[in-house]
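Below is one structure, written out as structure tokens; the observations come after it.
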2 protein chains.
Amino acid sequence: MNDTREVRLDELRALLAVGGSALEERIDDLHASDVADLIEGLDEAERLVLLRRLRPEVAADALSEMEEVERPAELLLQLDPGQIAAIVEEMADDDAADIIGGLHPQLQAEVLSTVSVPDAAQIEELLTYPEDTAGGIMTREVLAIRESLSAGEAIAEIRRQARGDSDFYTIFVVGPRRELVGVVSLQDLVLADPDTPIAEITEDPPASVPVSMDQEEVGRLLSRYNLASIGVVDGLGRLVGRVTFDDVIDVMEMETTEDILRFAAVSEEEQIRGSTADAIRSRLPWLIANLFTAVAAASVVYFFQDTIEQIVVLAAVMPIIAGMGGNAGTQALAVTIRRIALSDESLTERWQVIGKELMVGLVNGFVIGTIIALAGLLLADNPLFGVVVMLAMWGNLIVASAAGAFIPILLESLGADPAVASSIFVTTLTDLVGFFLLLGLATAMLL
Amino acid sequence: MNDTREVRLDELRALLAVGGSALEERIDDLHASDVADLIEGLDEAERLVLLRRLRPEVAADALSEMEEVERPAELLLQLDPGQIAAIVEEMADDDAADIIGGLHPQLQAEVLSTVSVPDAAQIEELLTYPEDTAGGIMTREVLAIRESLSAGEAIAEIRRQARGDSDFYTIFVVGPRRELVGVVSLQDLVLADPDTPIAEITEDPPASVPVSMDQEEVGRLLSRYNLASIGVVDGLGRLVGRVTFDDVIDVMEMETTEDILRFAAVSEEEQIRGSTADAIRSRLPWLIANLFTAVAAASVVYFFQDTIEQIVVLAAVMPIIAGMGGNAGTQALAVTIRRIALSDESLTERWQVIGKELMVGLVNGFVIGTIIALAGLLLADNPLFGVVVMLAMWGNLIVASAAGAFIPILLESLGADPAVASSIFVTTLTDLVGFFLLLGLATAMLL
């Protein structure tokens, strides 16, 4: 696949260099996703030449397929408002709103004033919804029919409503004030006798979502009920749009990236393929925050300097106890964060997780503590030294496991994101507790 | 939503306790996904009572909707083979294969011998494909028509082929030996004049996948081309099944869980809601592996004991240098792992990532190193001490960033999973390098 892409890129560059219609003909043979992929492989200058040469509808399809991280908005900035408007008019309304939403306000206004009035009104309405809600990811292009039709009439009505290029999977059945009353699958409609009343094949929608619902929650509902498309309703229950499976797949990919980045204390705004400067800016604040927590943990060591001076080998054991606590805590954290993300449990069930993790820490801490104590005995010829190491490791792993479950559950029940910065809290705690147990016990039992 | 679930569970328990048809009537009102959710909330004994009382088709729908982590296979073990066969016969073939695949071989044979012959043959064929391939997640239930039909004839043919309960979104167009030649969307078929030849509205499938393709790759293709359904072909290009968006969403959820667990060094087999014993077994081997790497890093400290004895404050600085390296390495790791997961880059582009991360380490290491050096000057009244701390931190953050990018790219280009155990390699390396730089420089410059 990578090879094909390299070959295609070279070919495209060659076609860009010459005039004539060969470029356009070649592009027409490709799927819009593949064109998008090629655009991503070009440099800024080449992209601009290509975009200016593509017909607006071809440019629109390709831009719709580009990954959001590639920010086509920046690319468009270099076209004039009229060219942008021509491209945006060829897009589905949700993609158009995404693109226009990425422009600065003055350019937005210029472009919208050039777009035809009904399209501009739709786009402006979509721009009023926050990006990460059902309203922000929906399209207003829905097929809606009245319950009083027959299957045959409904098909005629759909022929009338459907624009050629937009996919639909579910037909929404609405009442007189456009309130959502049910859904008919295209498949049932095709399979039904033309005289069948629509009411007879209308089903209750297994779910519909308000415009303000968080996009992750929309994804969960669509996935839960295996829906290709879910209706979006306003405060009065009127159908205003729909979200389809492909929007949800995009949301899931983005959310996974965010979760993994947050888990590793990277700002979720960092673009996966962004610039070096972006990466530095996104990570430095977290590193500085972490420096303060690391210094706090290290101050425990500073406090016990006298003990280390007398038993220097403790300095070698310290990072082992702290590091293992960090590992065990991260394990509990990862499992708990996924548990919160995937399942719809009551708070009571959630709190029981902490009991489970406490047990895991108790058992694994005992095993790891025993192994390290035996190794410790080889280093220092003192059975008490083994006991100190054992107890410090055991205690730290118990605290680590319990904290790995407790911290995300606490954050979640406070309404915060359970993933964000959890790992910093957990590792700071395990460093603190690890150093304190090891050096405190050593001071009490070995000096 | 949690409240509704608690209320429903209580109601269900009450209905389970009494006889009569009230239970069945209540269950019939619910969506299969909600029934599945309730079953997950019951304990083992209650689940069994409920399963025995549900009609096979209701049980089949609910079991199909249960999350794989809840392993319905274990639940089924307690029914007799005849009951299992009755339930499995009501399922879609892919769900039936998943369930039967989870039984032990003898019970599999017993159940399959009771299932009707054509169903059993389909299920047995599906069982031959590895679970994580296109063949393992596909259904054999496809709508396939010949290119020579008209749109009207095609709709009649689809009426004949379609079973009432299975969703379809794409109609596959096949040649005389069932080789896949194109696709027709149901929507184009409905919109077309009945006399239109199918050949006229047949499109090239933007992609089709071989049975052996990895399920993640299938997901990427479906998502790339925004397909509701993708055809699966055998070695001769003949259509053998299809994978739909809902299978892909399930795969994506599972893969995200696996990625996050692997990243945190938890075995990806750990069930998110599994037992305490499972959690202990899944995590202990990783902790033991980590113990060895931690001891390896600590041996550097052991080697420099004399230095620490003379400058005890180094023991307090050590964990800061090592910990910050771990953080910076994890940041680079997370970004690189997602980059590999999401994009289709050439190897050349991948290797450039290491250059970028090296720059990030250079800049962030300089900033963090300067801050810690200034703090260090306050602790030890010696400018050289500040220089040592600065250089150790800077060096470690450069190595950390570069290794965070290098290790997953290396694993990926060796054909291994880039996420698995990456974090252990990186943190071991940053511990080793951090300790060595700090203590080595201190020995050379301060003693």
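The values are calculated or read from the model by the stated rules, or taken from the named source; none is laboratory data. What you see is a predicted model, and the numbers here were worked out from it, not measured in a lab. FYI the Cβ positions are ideal-geometry reconstructions off the backbone, even for glycines, and counts take in every protein chain you see.
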Test result for A:Glu270, among the acidic types (Asp, Glu) and at the interface with chain B (Cβ under 7 Å from one of its Cβ atoms): yes
Starting from the stretch B:302-328, take each residue that is aromatic (Phe, Trp, Tyr) and list its partners that are modelled with pLDDT of 95 or more and surrounded by fewer than 24 Cβ atoms within 10 Å (Cβ to Cβ), counting only C-beta distances under 7 angstrom and pairs at least six apart or across chains. B:Phe304/B:Thr443
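Name the single residue that is nearest to A:Asp431 (Cα to Cα) among those in the stretch A:284-303 being more than 8 Å from chain B (Cβ to nearest Cβ) and not β-branched (Val, Ile, Thr).
The selected residue is A:Ala296.
Look at B:Glu255 and say whether it is over 22 Å from B:Pro210 (Cβ atoms) and either in a helix (DSSP H, G or I) or without any contact (Cβ under 8 Å) to a residue 24 or more places away in the chain (or both).
No.
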Quick check: anything in the stretch B:52-60 surrounded by fewer than 18 Cβ atoms within 10 Å (Cβ to Cβ), of a type in the set (A, V, I, L, M, F, W, C) and farther than 24 Å from B:Glu253 by Cα? no
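So if I check each of A:Gly376, A:Gly323, A:Gly355, which one is part of a helix (DSSP H, G or I), at pLDDT below 95 and either surrounded by fewer than 21 Cβ atoms within 10 Å (Cβ to Cβ) or not assigned by TED's automatic domain parsing to the domain that holds A:Leu439 (or both)?
Unique residue meeting the criteria: A:Gly355.
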Of the residues that make up the stretch A:151-167, is at least one in a strand (DSSP E or B) and either more than 10 Å from every other protein chain (Cβ to nearest Cβ) or touching a residue at least 24 places away in the same chain (Cβ under 8 Å) (or both)? no
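Checking the structure you have, find out if any residue of the stretch B:116-125 is buried (at least 21 other Cβ atoms within 10 Å of the Cβ), within 14 Å of chain A (Cβ to nearest Cβ) and not in a loop (DSSP other than H, G, I, E, B).
no
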Can you find even one residue in the stretch B:119-135 that is among the β-branched types (Val, Ile, Thr), modelled with pLDDT under 85 and in the same structural domain as B:Ile100 (by TED's automatic domain parsing)? no
Residues in the stretch A:235-247 that are within 24 Å of A:Glu179 (Cβ to Cβ) and either buried (at least 23 other Cβ atoms within 10 Å of the Cβ) or touching a helix residue (DSSP H, G or I) at 6+ places or on another chain (Cβ under 9 Å) (or both) total 6
Say whether the condition of being of a type in the set (A, V, I, L, M, F, W, C) and in contact with a strand residue (DSSP E or B) (Cβ under 8 Å, 6 or more places away or on another chain) is met by at least one residue in the stretch B:261-274. no
Filter the stretch A:266-315 down to the residues that are charged (D, E, K, R) and under 27 Å from B:Ile340 (Cα atoms) and list them by number. A:Glu268, A:Glu269, A:Glu270, A:Arg273, A:Asp278, A:Arg281, A:Arg283
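For every residue, the table says whether it meets (1) at pLDDT below 85; (2) assigned by TED's automatic domain parsing to the domain that holds A:Glu65; (3) of a type in the set (A, V, I, L, M); (4) outside any loop (DSSP other than H, G, I, E, B).
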residue: A:Arg8; (1), (2), (3), (4): yes, yes, no, yes
residue: A:Leu16; (1), (2), (3), (4): yes, yes, yes, yes
residue: A:Gly20; (1), (2), (3), (4): yes, yes, no, no
residue: A:Glu24; (1), (2), (3), (4): yes, yes, no, yes
residue: A:Val35; (1), (2), (3), (4): no, yes, yes, yes
residue: A:Ile39; (1), (2), (3), (4): yes, yes, yes, yes
Hey, A:Glu309 part of a loop (DSSP other than H, G, I, E, B) and within 7 Å of chain B (Cβ to nearest Cβ) or not: no
Output for the stretch B:266-281, where each listed residue is assigned to a loop (DSSP other than H, G, I, E, B) and of a type in the set (A, V, I, L, M): B:Val266, B:Ile272
Just a yes or no: is a residue in the stretch B:282-305 under 30 Å from B:Asp37 (Cβ atoms) and either in a helix (DSSP H, G or I) or not assigned by TED's automatic domain parsing to the domain that holds B:Ala392 (or both)? yes
Could you tell me which of the residues A:Gly20, A:Gly102 is in contact with a helix residue (DSSP H, G or I) (Cβ under 8 Å, 6 or more places away or on another chain) and either touching a residue at least 24 places away in the same chain (Cβ under 8 Å) or surrounded by fewer than 20 Cβ atoms within 10 Å (Cβ to Cβ) (or both)? A:Gly102
Write out, first by first residue and then by second, each pair whose Cβ atoms fall under 6 Å of each other, whose residues are 6+ apart or on separate chains, and whose first residue, in the stretch A:170-181, is assigned by TED's automatic domain parsing to the domain that holds A:Leu236 while the second is surrounded by 17 or more Cβ atoms within 10 Å (Cβ to Cβ) and assigned to a loop (DSSP other than H, G, I, E, B). A:Ile171/A:Leu143; A:Phe172/A:Val142; A:Val173/A:Glu147; A:Val173/A:Thr202
Inside the stretch A:379-412, can you point out the residues that are surrounded by fewer than 17 Cβ atoms within 10 Å (Cβ to Cβ) and of a type in the set (S, T, N, Q)? A:Asn382
For the stretch B:234-249, indicate whether the set of residues that are outside any loop (DSSP other than H, G, I, E, B), farther than 16 Å from B:Arg140 by Cα, more than 8 Å from every other protein chain (Cβ to nearest Cβ) and not acidic (Asp, Glu) is non-empty. no
I need a count of the residues in the stretch B:134-166 that are within 25 Å of the chain's Cα centre (by Cα) and crowded, with 20+ Cβ neighbours inside 10 Å. 6
All but one of (1) in contact with a helix residue (DSSP H, G or I) (Cβ under 7 Å, 6 or more places away or on another chain); (2) of a type in the set (A, V, I, L, M, F, W, C); (3) away from chain A (no Cβ under 12 Å) hold for B:Ala444; state the number of the condition that does not hold. (1)
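To keep it simple, each residue is scored yes or no on (1) facing chain B (nearest Cβ under 10 Å); (2) without any contact (Cβ under 8 Å) to a residue 40 or more places away in the chain; (3) in contact with a Pro (Cβ under 7 Å, 6 or more places away or on another chain).
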| site | (1), (2), (3) |
| --- | --- |
| A:Leu342 | yes, yes, no |
| A:Thr348 | yes, yes, no |
| A:Ile354 | no, no, no |
| A:Leu358 | yes, no, no |
| A:Leu362 | yes, yes, no |
| A:Ile372 | yes, no, no |
| A:Ala380 | no, no, no |
Going by the structure shown, is A:Ser148 farther than 23 Å from A:Val233 by Cβ, away from every other protein chain (no Cβ under 14 Å) and of a type in the set (S, T, N, Q)? no
